[in-house]
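So the structure is just underneath, and the comments pick up after that.
Just so you know, all these numbers are worked out from the coordinates, no wet-lab data involved. Nothing here was measured: the structure is a model prediction, and the numbers come from that model. Quick reminder, even Gly has a Cβ in these numbers, built from the backbone with ideal geometry, and neighbours come from all protein chains shown.
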Amino acid sequence: MADPSGAFEVNLLGTVHLLSRMARYPMPPRVVFIGSAEAYGRPQFLPMTEEHPLEPQNPYAISKAAADHFAAYVARTSNVDIIRMRPFNHSGAGQTPQFALSSFAKQVADIEAGHEEPVLRVGNLDALRDFSHVEDVVAAYEAAALRGVPGEAYNVCAGHAVTLRSALEGLLARSTADIQVEVDPARFRPLDVPEVRGSYEKLERHTGWKPERGMDQLLDDVLGYWRAEAAGVRA
């Protein structure tokens with residue numbers, strides 16, 4: 001949102017340049033295009049399937065939706081074999097603290113290590129989000145690359161939503177510190193969606209993929225990574 005032109009240059013024009021070049025090859029390899037479930041925008045129905053209209057609500061999502069449409073166009077009009085993935089929220093070890101779960105975990109780890117005061121700053125904790133473990137998401141990309149149907153779009157998600165509040169409570173329950181939670185209005189999105197929840201039924205039906213790692217493992221892995229970072233040990 002801070003750099004709309006940059007988002008379009010990378011997400012849309014980067015995709016246009018790459019796929020346009022590949023369309024010139026006589027036998028191009030399969031392309032797994034990584035889009036985003038943010039392209040769906042505010043849910044018109046839940047769970048959101050691949051049939052949900054693309055109605056993006058912010059510059060990042062608009063750039064991803066446009067790139068998704070272009071990838072579908074190339075798949076229809078050329079010999080490039082493209083699989084379009086639409087991942088929902090996911091996290092794991094190594095994710096930057098721009099994202100909610102990683103931000104929470106980093107703050108907890110820094111407080112435990114004595115690097116920060118015992119106040120954890122948060123945005124909207126009532127938002128319901130469909131979180132996956134990053135390792136499940138990577139496995140989904142691999143399954144689609146190997147067994148996906150050419151030209152199709154696939155959701156990647158856990159299939160159920162949790163509040164950010166419950167995720168935060170899970171991290172705090174794992175902490176050794178006494179931490180105060182403080183709401184920071186600057187962390188609220190201008191256009192937030194109350195609930196996002198997807199369906200991975202199509203991906204499972206076409207490839208056999210389904211999530212294997214739950215929220216407990218996700219929280220353990222994210223917090224473990226940031227604890228190692230706070231201690232000066234690369235996770």
Relative contact order (percent, whole number), the range 62-168, Cα cutoff 8 Å, 6+ residue spacing:
39 percent
Near the amide H of Arg121, under 5 Å away, which other amide H atoms are found, from residues 5 or more places off or on another chain, if H is placed in the peptide plane?
Glu182
Dividing the alpha-carbon radius of gyration of the range 4-230 by 2.2 N^0.38 Å (N being the number of residues), what value is obtained?
1.09
For the chain, longest principal axis from Cα atoms; helix 164-174 axis from its Cα atoms; angle between them, nearest 10 degrees, is 50 degrees
Eigenvalues of the alpha-carbon gyration tensor of the range 102-235, times 5 and square-rooted, give semi-axes in Å, largest first, of 32, 18, 11
Return a whole-number percent for the relative contact order of the range 4-230, with Cα pairs under 8 Å and 6 or more residues apart as the contact set.
26 percent
Fraction of antiparallel bridges per DSSP, the chain only, in percent to nearest 5:
10 percent
In debye to the nearest 20, the charge dipole size for the range 149-235, taken about the Cα centre with +1 at each Lys and Arg Cβ and -1 at each Asp and Glu Cβ, equals 180 debye
Between Val156 and residues 5 or more places away or on another chain, which pairs have amide H atoms under 5 Å apart, with H built 1.01 Å from N, and which residues are they?
Arg86, Phe88
Based only on Cα atoms, what mean projected area does the convex hull of the range 64-150 have, in nm²?
7.7 nm²
Could you give the angle, 0 to 90 degrees to the nearest 10, between helix 134-147's Cα long axis and the longest principal axis of the Cα atoms of the chain?
10 degrees
Calculate for the chain the 222 nm mean residue ellipticity that helices alone would give, adding -39,500 (n - 2.57) per DSSP H run of length 4 or more and normalising by residue count, nearest 500 deg cm²/dmol.
-12000 deg cm²/dmol
Whole-Hz ³J(HN,Hα) for each residue in the range 42-54, computed from phi via Karplus 6.51 cos²θ - 1.76 cosθ + 1.60 with θ = phi - 60°, x for glycine and proline: what do you get?
5, x, 8, 7, 10, x, 7, 9, 5, 7, 5, x, 8
Using the Karplus curve 6.51 cos²θ - 1.76 cosθ + 1.60 with θ = phi - 60°, what ³J(HN,Hα) values do you get for each residue of the range 58-69, in whole Hz, with x for Gly and Pro?
8, x, 4, 5, 5, 5, 5, 5, 4, 5, 4, 4
Taking H placed 1.01 Å from N in the peptide plane, check which residues at least 5 places from Ile82 or on another chain put their amide H under 5 Å from its amide H.
Val31, Gly151
Counting all Cα-Cα pairs in the range 14-117, those more than 21 Å apart amount in percent to 51 percent
Which FRET efficiency value, to the nearest 0.05, is calculated for Glu182 and Leu46 with the Förster distance at 41 angstrom and r the Cβ-Cβ distance?
0.85
